[in-house]
1. Find, among the GluC sites (Glu not before Pro) in segment 120-219, those assigned to loop by DSSP (not H, G, I, E, B) with at most 12 other beta-carbon atoms within 10 angstrom.
2. Would you calculate the separation in nanometres between label points at Glu175 and Lys189, each defined as 7 Å from the Cα along the Cα-to-beta-carbon direction?
3. Under a plain spin-label model, where a point goes 7 Å from the Cα along Cα-to-Cβ, how far apart in nm are Asn76 and Asp39?
Amino acid sequence: MPAAASPIFRYSFVLPLLMAVSLASAFQLDNRLMTWVFDQYGPAAHQRLEDWQRLHALASNAPVDRQLEMVNRFFNRAEFVDDIDHWGEEDYWATPVELLSTNGGDCEDFAIAKYLTLKAMGLPDEQMRVVYVKSLELDQAHMILAWYQTPGAEPLILDNLIDEIKPASQRPGLEPVYSFNGKGLWRNKSTGEHARIGNADELERWRDLNRRLVEPLRQ
């Protein structure tokens, strides 16, 4: 990872228009941002951002199952790196641009990048939840993205640990704790029920991430 990939990254620039995440329309990264990433992280980082835009163009009109597969595999190519080593903080939620520019992140970064990308492709919030789980196999906290075809359907799990997307029943080692999307925040019960407990903006790191998505570029 380049030396520039540090907390300085987050305050040197933020995404000036993450375009379609809220608007679900055109998916275009600002030219100043692309130039900055090229200068700081080199041509490989610049190419990853171009590939991200190309992914959106290719997958936007594809069937949902194909969109899920393409987005899951695309982000899973990045390296898993603990926050303390990557950002110098115990728990930092990166934007997709930060993840792709540095080619690394942890499970929260992967799950959030997939959620925001699929949302930009037009998948509704009601069908997606970023889920904080306990990984029984790893005996530690983990985060994944769940997609629900209908509100009461068994979700499909997009996970940085494996490329294959499986139904939740085939991932018994993941024990849900809470989940969120742009519409709300839920506590997940062992019975599979979801009890709404508030709004996602009650999560401090989610608020901070969204601020960085829309804050103007600082020179």
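1. Glu137, Glu193
2. About 1.7 nm, to one decimal.
3. Taking the simple label geometry, Asn76 and Asp39 are separated by 3.7 nm.
No lab work stands behind these numbers, since they all come straight from the coordinates. Remember, predicted model here, so these are calculated numbers, not experimental data. Please note: Cβ atoms are built from the backbone with ideal geometry, for glycine as well, and neighbour counts cover all protein chains shown.
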